[in-house]
Amino acid sequence: MSHTIDHSSKPLSSTPLLALRAKCIPLAIVAALSMLTGCAVGPAYERPDAVQPSSYKQAAGWLPAAPADTLERGPWWELFGDPVLNQMADSIEVSNQNVAAAIASYAQARALVREQRAALFPSVDLSGSGNRSGGGQSSVTSTATGTLGGGGASNQFRSSIGASWEPDIWGRLRAGVTGANAGLDASAADLAAARLSAQGELAINYFSLRQTDAQQVLLEATVQGYQRVLQITRNRFEAGIAANADLLQAQTQLANAQADAVGLVRQRAQFEHAIAILLGKAPFDFSLASAPWSVAVPDVPPGLPSTLLQRRPDIAAFERRVAVANEQIGIARSAYFPSLNLTGSYGFGASEVASLFNITSSVWAIGAQTALNLFDAGATSARVDAARAAHAVTVAQYRQSVLTAFADVENQLAATRALMQQQELRRIASSSADQVEEQMLNRYRAGQVSYTDVVTAQVTALTARRALVQLQADRQTTAVALIQSLGGGWSAQ
């Protein structure tokens, strides 16, 4: 009896067992490497120490600061009770181009976070190819990819799906993600800083414009008064009672006041144009009608906690950039250690398209590649030192920003107190100067004093009135500066 061997039959263990091995080997490697992925070579991040005074020199009852930059600040401009300002400040978010640029930068930072996070996962690609090649000799060749040829030419078709993954053994990729997240936080703080800056600048320009309106009203009344005095002086000159010098002095006073009024028109136009730009409009398309000036100034509540200072977005941005620089140290240090890359693929290869996806044409491969830099003439060490130096720079910038912030608050608190005391004194001075002006004019009519005394009284009175108006505006702009120094007001719980 003879036995027949069927050479066309499939190997008993070909497809299921190979597929099982192809799955089990990478899983075993992944399981082994997962125990190493907790090894991070970067330094653990700690918020840098900064100067934290127990209290402010200019305000009693303040407490040590704690991080609170994410607190909602609220519409602080409503503290001034001006409906026109409220309407314009609300539109800063969508109109100001600096804020729009900060919003775009924030979106860019979010995309960077997603990009860094994607590096933690395997990448998968699908590929296909087909080519025809030939040589000088007629031959028939059979390879593992299923290429066949004859007559000096051969066809080869291939289709495969592959994956590659770099395990984050030393924490380099996670440091990139952490750094990108910190950069995202810094970008969010930059956005808040741009918004707060635009809102503060808008409020200051608006109050300056309203001060100019008040100055114009004041000068209009002054010009009318000077015109009456000029007519009185002319009548006295024509009657032979007053000298020609008195008439010339009266004309000089009137002309100077009128020139000052014209200068205020130019100044008001500049403030109006600045407001238009802040609102994202062309000056031609924006105008702000004159209106009564609300001189309300919000009072600083007693015992403000210094936690408000930590809401300053510029301080938050500096602190987050320290965190970014800290992660860069770990990324640089990871170059001291070997890198590992795992690859795997499964596909088909044949000499004919019709048989390309047959199971007998399947091929697979798995692999691992590791690399370690043994000598680079100190380049890696230099990069680590550079990252540490960059970290030291950001730490110094953060600490300086805290010092500057405390100085800003101290300055604005001192200015707030001084201006509040000055306002009452300016009001008394203005009222007294008005009375002197009126008395001197009456005495001039009676021929008791010279016109020079009248001019002196008029100049003093006008200067006192304008100083009072200027001080009222200074109190408002100082309040805005204090709000900005505190990170956007004190109304939030």
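Quick notes on this structure:
- Take each peptide in 178-191, 456-469, count the other Cβ atoms within 10 Å of every residue, and average; sorted highest first, the result is 178-191, 456-469.
- Mean Cβ neighbour count within 10 Å, used as a protection proxy, ranking 198-209, 76-87, 284-295 highest first: 198-209, 76-87, 284-295
- Phi angles across region 420-431 convert, under the Karplus curve 6.51 cos²θ - 1.76 cosθ + 1.60 with θ = phi - 60°, into 3J(HN,Hα) values of 5, 6, 5, 4, 5, 5, 5, 5, 5, 4, 5, 5 Hz, Gly and Pro given as x.
- Under Karplus coefficients 6.51, -1.76 and 1.60, residue-wise ³J(HN,Hα) of region 330-344 in Hz, glycine/proline x: x, 4, 5, 6, 5, 5, 6, 10, x, 9, 10, 10, 9, 9, x
- For His391, solvent-accessible area (1.4 Å; no DNA, RNA or ligand), Å²: 40
- Computed over region 214-308, the Cα gyration tensor eigenvalues convert (square root of 5λ each) into semi-axes of 43, 21, 10 Å, ordered from largest to smallest.
- Calculated FRET efficiency, Arg443 to Gln87, Cβ-Cβ distance, R0 = 41 Å: about 0.25 to the nearest 0.05.
- For region 185-256, the relative contact order comes to 24 percent (Cα pairs under 8 Å, sequence separation of at least 6).
- 13 Å beta-carbon shell around Val436, net charge (K/R +1, D/E -1): -2
- Taking Cβ atoms as reference points and 14 Å as the exclusive limit, the residues near Ala390 contribute a net charge of +2, counting Lys and Arg as +1 and Asp and Glu as -1.
- Averaged over its residues, region 319-428 has an accessible area of 56 Å² per residue, based on protein heavy atoms and a 1.4 Å probe.
- Carbon and sulfur %, accessible surface of region 183-287 computed with the full protein complex present, 1.4 Å: 56
- All Cα-Cα distances of region 334-426, cut into 5 Å bins from zero to the largest, leave 2, 9, 8, 7, 7, 6, 7, 6, 6, 6, 6, 5, 5, 4, 4, 3, 2, 2, 2, 1, 0 percent in each bin in turn.
- Dipole magnitude of region 340-419, debye to nearest 20 (Cβ charges: Lys/Arg +1, Asp/Glu -1, about Cα centre): 260
- Simple label model, 7 Å out from Cα along Cβ direction - Glu238 to Asn256, nm: 2.6
- Using the Karplus relation 6.51 cos²θ - 1.76 cosθ + 1.60 with θ = phi - 60°, the per-residue 3J(HN,Hα) values for region 398-415 come to 5, 5, 5, 5, 5, 4, 4, 5, 5, 5, 4, 5, 4, 4, 6, 5, 5, 5 Hz, with x marking Gly and Pro.
- Were the residues from Arg114 through Lys281 laid out at 0.36 nm apart, the gain over their Cα-Cα distance would be 56.6 nm.
- Compared with the alpha-carbon gap, the fully stretched path from Ile161 to Asn411 is longer by 83.4 nm at 0.36 nm per residue.
- Charge tally in the Cβ shell below 12 Å around Ala257, where Lys, Arg are +1 and Asp, Glu are -1, Ala257 excluded: 0
- Toward the positive end of the charge dipole of region 342-464, with +1 on the Cβ of Lys and Arg and -1 on the Cβ of Asp and Glu, the farthest Cα among Gln422, Thr360, Phe406 is that of Gln422.
- Shape index of region 248-402: Rg/Rh, with Rg the Cα radius of gyration and Rh the Kirkwood radius from the inverse mean 1/r over Cα pairs, equals 1.39.
- Heavy-atom surface analysis with a 1.4 Å probe gives region 372-490 a carbon and sulfur content of 55 percent of its accessible area.
The values are calculated or read from the model by the stated rules, or taken from the named source; none is laboratory data. In this text, all values refer to a predicted model and were calculated from it rather than measured experimentally. Positions of Cβ are backbone-derived with ideal geometry, glycine not excepted, and every protein chain shown enters the neighbour counts. Side chains included, ligands, DNA and RNA excluded: accessible areas come from the protein's heavy atoms. Shrake-Rupley method; radii C 1.70, N 1.55, O 1.52, S 1.80 Å.
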